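Below is one structure, written out as structure tokens, with a few remarks after it.
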Amino acid sequence: MSDKALSDVDDAIDLKDTASLLASRICHDLISPIGAISNGMELLVMSGLPPSPELTLIEESIANANARVRLFRLAFGVASAGQRMARGDIVKLLGDCYASGRIQVMWEPTSDVSRQEAKIALLGVLCLETALPAGGKIVLRCDRGSWQMQAYGEKIRVEPEVWSVLMPKATKAGDLSAAQVQFILLRDALAQLGATAQAGHSDSAVSLRYDV
């Protein structure tokens, strides 16, 4: 490989690392003010503020924002080698994010996983989310490093040009929107481990598989 090609590879790796650090920083800085707002609402309730639909809406919005920021921090942020994620923490995070929504996420692995595995799995969840415009269920399973994810729903929407980004020969993101960046990040995170994803779909389900 030429010196220029090596330099291009290094620049690409640095850019990915910088993007992860930026995501971690943004999410970290957002968690504190969201937590402060949540604490403020609790104090208002304790002071005698009467229940109301408006108050309930605010409380639910704060809880949802906090959960989504924590999810994005794990999925988009830095995953250092050697870090572990407890199964209970992942299940709680997914419950906080999806328990009251149209999509249910079932985490079936029974043991703890590395933070990198958790990051990749959550990127997969965010990809599968896009295939369930009317809601549904996402199930994650893992057998000795072989991950299998299925999304089920009455209405399945798969955009081939978006899902093709996961393929190993895909060289560019095409016309993906910001809401679809998880496809690029999933492909790149797997590529760092020498792995690729396999995706397929039917009229009622979408599957995503990879080995790490």
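Values for this structure:
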item: Residues satisfying the stated conditions in the range 27-62, i.e. of a type in the set (Gly, Ala, Ser) and in contact with a helix residue (DSSP H, G or I) (Cβ under 8 Å, 6 or more places away or on another chain); result: 35, 38
item: Of residues in the range 155-171 being assigned to a loop (DSSP other than H, G, I, E, B) and at pLDDT 90 or above, the one farthest from residue 19 (Cα to Cα); result: 155
item: Any hit, the range 48-60, residues being within 22 Å of the chain's Cα centre (by Cα), surrounded by fewer than 13 Cβ atoms within 10 Å (Cβ to Cβ) and modelled with pLDDT of 85 or more; result: yes
item: Count of the range 133-155 residues which are hydrophobic (A, V, I, L, M, F, W, C), without any contact (Cβ under 8 Å) to a residue 60 or more places away in the chain and in contact with a strand residue (DSSP E or B) (Cβ under 6 Å, 6 or more places away or on another chain); result: 4
item: Filter pass, residue 25 being charged (D, E, K, R), under 29 Å from residue 183 (Cβ atoms), part of a helix (DSSP H, G or I) and modelled with pLDDT of 85 or more; result: no
item: The range 172-199: number of residues that are surrounded by 12 or more Cβ atoms within 10 Å (Cβ to Cβ), modelled with pLDDT of 90 or more and among the small types (Gly, Ala, Ser); result: 5
item: Conditions (1) under 15 Å from residue 120 (Cα atoms); (2) touching a helix residue (DSSP H, G or I) at 6+ places or on another chain (Cβ under 9 Å); (3) among the hydrophobic types (A, V, I, L, M, F, W, C); number of the one not met by residue 139; result: (2)
item: Subset of the range 52-66 (residues that are within 14 Å of residue 29 (Cα to Cα) and either of a type outside the set (S, T, N, Q) or out of contact with any Gly (no Cβ under 9 Å at 6 or more places or on another chain) (or both)); result: 65
item: Subset tally (residues that are part of a helix (DSSP H, G or I) and either touching a residue at least 24 places away in the same chain (Cβ under 8 Å) or small (Gly, Ala, Ser) (or both)) for the range 30-89; result: 28
item: Residues of the range 129-148 that turn out to be farther than 14 Å from residue 94 by Cα and under 17 Å from the mean Cα position of the chain (by Cα), as a count; result: 10
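The values are calculated or read from the model by the stated rules, or taken from the named source; none is laboratory data. Since we're looking at a predicted model, the values are computed, not measured. So basically every Cβ, Gly included, is an ideal-geometry build from the backbone, and we count neighbours across all protein chains shown.
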